[in-house]
Amino acid sequence: MALNLVKSVTSIYKSLTDRFNRDIRYITPSMSGMGVFALIGFPLYYWIWHDLFPQPYENFFLRLVGMLFSLGVVLLKFWPEWMRRYLPYYWYVATLYVFPFFFVFMLLGNSGNDVWLMSTMAAVFLALLVFDWVIMLIQFVFGSVLAYVVFYVTYGPPEGTYFIGEHVPIYLFAVVGAVASNYTKELVNESKRGLYFKVGATIAHELRSPLLAIKMQLKAAKKGISSFEWRARHGNEDGQLCVSRVSASIESADRQVDDSFTIIDMMLMNVNHRAQQISDEGVHQASQCIERAISGFPYKSDSQRGMVRRGIIEDFYFHGSGVLVVHVLYNLMKNAIYYANAANSNGGGEVVLSSKADDEWNRIVVRDNGCGISEDRMKQIFTWFYSDGRTTANAGVGLSFSKMAMESVGGRIKCVSVVGEYTEFVLLFPARKDVGG
């Protein structure tokens, strides 16, 4: 009985956490804009309700606290790296205060008059633009109760309690209507996600068949050369060298097939929002990933191979999937080579991979001397299916996948660029003190 209860509570908590994290993922690009809106709105409406259309109750201190929360959101891009991991908690507390707590508190202070009744209903609809309807209901219930308790402790029982009976149907109409609208949108989004999953599953299925066939052929080839290897051991040194090279090629191809399976699993995990076991999950060295990316990248020509070089390598360890990090480097190298070539028609294109160990965040940097990325494009480059349209081969998923892969190892990816000079993609890994000295 107790075990079932624990399982039920854990399941509910996981579901709510998934909903909240999904909301954060969708709303993050709009946070700064919403912060500016609130930062202006708090003092503006203080003037409106205090001077232009005076209301029975106003509280500048409450508005000042709301402005401080909003300012923190506006300055999000200036947050240091160590603070960004706390963004979801800050966002939840800030919106809890700005939406239910503030509006319900002001509603009680104004004895439930029409102005604040309408304002609170507007807050409900705004909250539904930010949160999943389940999270919104939980937040509004908790925030409303908290506002009532604080108001009661500060001023005593609210005056004009007549509004509760008269206006509850209006509140219910607003809330239920908003929830119904949000639920319809959620059904549409769920349908889209289902379609994406079916497409992804189909692609994965179609890829698995030829990959399995290749793997079987490689195994057969390894067996087939065994007799030739036996002959080579009896004095034919050239034959021995040939066998070594063929075996190395087969091993490399075999590893590439395994890596492809890992990427398929990762893409399915992203579409399906379910965790899957990555085959090489563990502790890896940055230098090995860089070496593997440079040596294993499918260069189209010797000139492309000559463009790529190693910079200063400060080795470090990270926990996660080495395969995913290598494929992130593949994506970044592919883009870097393309744009460095395009910007340097005289053959002066250069791509440099380097790494730096630090106390808090370790880094792998991919830098090119291409055309750079404008500020407008910088805001969209990690968005799924975004493409600048310069090449038909760009489906707009490489950088989005790279962002997702870095998050899966507990890291981040950021871009620094100067138009006409260079572009740097920086892979950030949490520093580990328990391995590698």
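Projected over all directions and averaged, the alpha-carbon convex hull of region 1-145 occupies 10.3 nm². Each peptide in 28-35, 51-58 receives the mean, over its residues, of other Cβ atoms within 10 Å, and ordering these scores from highest gives 28-35, 51-58.
Karplus-derived 3J(HN,Hα) values for region 86-96, using 6.51 cos²θ - 1.76 cosθ + 1.60 with θ = phi - 60°, are 9, 4, x, 5, 4, 4, 5, 5, 4, 6, 4 Hz; glycine and proline are entered as x. Note on region 285-425: Kirkwood radius taken over Cα pairs, Stokes-Einstein applied at 20 °C and 1.002 mPa s, translational D equal to 140 µm² s⁻¹. The fewest-to-most ranking of 95, 17 by surrounding Cβ atoms within 10 Å reads 17, 95. Filter the cross-link list 300/414; 14/356; 14/403; 14/334; 7/414; 77/300 down to pairs whose alpha-carbon distance in this structure exceeds 31 Å. Beyond 31 Å: 14/356; 14/334; 7/414; 77/300.
By DSSP, what percent of the beta bridges with both residues in region 281-430 are antiparallel, rounded to the nearest 5? If you can, show how the numbers build up before the last one.
Numbers: 26 of 30 bridges.
Looking only at bridges with both residues in region 281-430, the antiparallel portion is about 85 percent.
Every number in this text was worked out from the coordinates using simple rules, so none of it is lab data. In this text, all values refer to a predicted model and were calculated from it rather than measured experimentally. When we count neighbours, we look across all protein chains shown, and the Cβ atoms used for this are built from the backbone with ideal geometry, even at glycine.
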